[in-house]
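Trainee: Submitted below is the structure of interest, expressed as C-alpha cells.
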Amino acid sequence: TERTLVLIKPDGVRRGLIGDIIKRIEDKGLSLVALELKTVTTELAEGHYAEHADKPFFGSLLEFITSGPVVAAVIEGPRAVAAWRQLAGGTDPVAKAVPGTIRGDYGLETQENLVHGSDSPESAAREIALWFPGLDR
Ligand code: ATP
C-alpha cells in the first residue's frame with residue numbers, strides 16, 4: 001500500500017467541489033488517512049512548490065495557492081500516487097486532461113486546475129511530512 005498527498009486548491013474550494021472530489025477518491029477505493037481545511041502561508045507554499053522556484057509562473061502560483069483555504073489530505077491504497085494522478089487528469093485541463101477526470105470535467109486553466117497530487121512516492125513522503133508533520137508513518 002502507498003500514501004500520497006491530495007490538495008484541493010483554492011479554486012476547487014471556492015467553487016464548492018470539495019464533496020465531489022472527496023467522493024471520487026472514495027469511489028475509487030482509496031482511503032482517507034488525514035483531512036484538513038487549511039490556510040496556506042507563503043512559507044508553506046514556497047516549500048511545497050520549491051521545484052518550480054525558477055519558473056516564470058512561480059510568483060503567480062504562490063499568489064493563487066495562498067488566495068484562500070485549501071483542503072489537504074493524505075490518502076492511502078494500492079498504487080495511490082498513480083491512482084490519484086489518474087483521477088486528477090493531466091496538468092492542463094483542456095489540452096491534457098480528458099473528460100471523466102477532475103481537471104477534465106471541471107477545469108479550463110492550467111494554473112487554476114483544482115487539485116494537486118504528488119508525482120512519485122518520494123515526492124509524496126516529502127510533501128506529507130511538510131503538510132502533516134505530526135502524522136504517523
Ligand atoms: P500538481 O503538482 O499541482 O499536481 P502537476 O504535477 O500536474 O500539478 P506541475 O508541472 O508540477 O503540474 O505544476 C504545478 C502546478 O503549477 C500546476 O498544477 C499548475 O497549478 C501550475 N502550473 C504549471 N504549469 C503552469 C503554467 N505554464 N502556467 C501557470 N501555472 C502553471
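The values are calculated or read from the model by the stated rules, or taken from the named source; none is laboratory data. Source: prediction; values computed, not measured. Cβ placement follows ideal geometry from the backbone for every residue including glycine, while neighbour counts extend to all protein chains displayed. When the accessible area is computed, the model is the full protein with side chains, heavy atoms only, and any ligands, DNA or RNA have been set aside. Shrake-Rupley method; radii C 1.70, N 1.55, O 1.52, S 1.80 Å.
Trainee: Just the projected area, averaged over all directions, of the convex hull on the alpha carbon atoms of the chain: how many nm²?
Mentor: Values: hull surface 30.2 nm².
Over all viewing directions, the chain projects a mean Cα-hull area of 7.6 nm².
Trainee: Put Leu114, Leu130, Leu87 in order of accessible area, largest first, 1.4 Å probe: what do you get? Don't jump to the answer; show the numbers that get you there.
Mentor: Details: Leu114 0, Leu130 65, Leu87 35 Å².
Most to least solvent-accessible, the answer reads Leu130, Leu87, Leu114.
Trainee: Same structure again: Measure off, as a whole percent, the carbon and sulfur share of the 1.4 Å-probe accessible area of the stretch 74-127, all protein chains present. Present the calculation step by step, with values, prior to reporting the outcome.
Mentor: Working: 1380 of 2610 Å².
Carbon-and-sulfur percentage of accessible area, whole number: 53.
Trainee: Hey, can you find the accessible area per residue of the stretch 48-137 for me, probe 1.4 Å, expressed in square angstrom?
Mentor: Working: 4570 Å² over 90 residues.
On a per-residue basis, 51 Å².
Trainee: By the gyration tensor of its Cα atoms, with a ≥ b ≥ c the square roots of the eigenvalues, what is the shape of the stretch 22-89: rounded for a/c under 1.5, prolate for a/b over b/c, or oblate? Spell out each step's value before the answer.
Mentor: Working: a/c = 2.55, a/b = 1.78, b/c = 1.44.
The shape class here is prolate.
Trainee: Can you tell me what share of the DSSP beta bridges in the chain is antiparallel? A percent to the nearest 5 is fine.
Mentor: Working: 17 of 18 bridges.
Within the chain, antiparallel bridges account for around 95 percent of the total.
Trainee: Under 10 Å from the Cβ of Gly68, count the other residues' Cβ atoms, weight Lys and Arg +1, Asp and Glu -1, and hand me the total. All intermediate terms of the calculation are to be shown ahead of the outcome.
Mentor: Numbers: positive: Lys9, Arg14; negative: Asp11.
Here the count lands on +1.
Trainee: Remind me, relative contact order of the stretch 1-67 in percent, using alpha carbon pairs under 8 angstrom and six or more residues apart?
Mentor: Once divided by the residue count of the stretch 1-67, the mean separation gives 38 percent.
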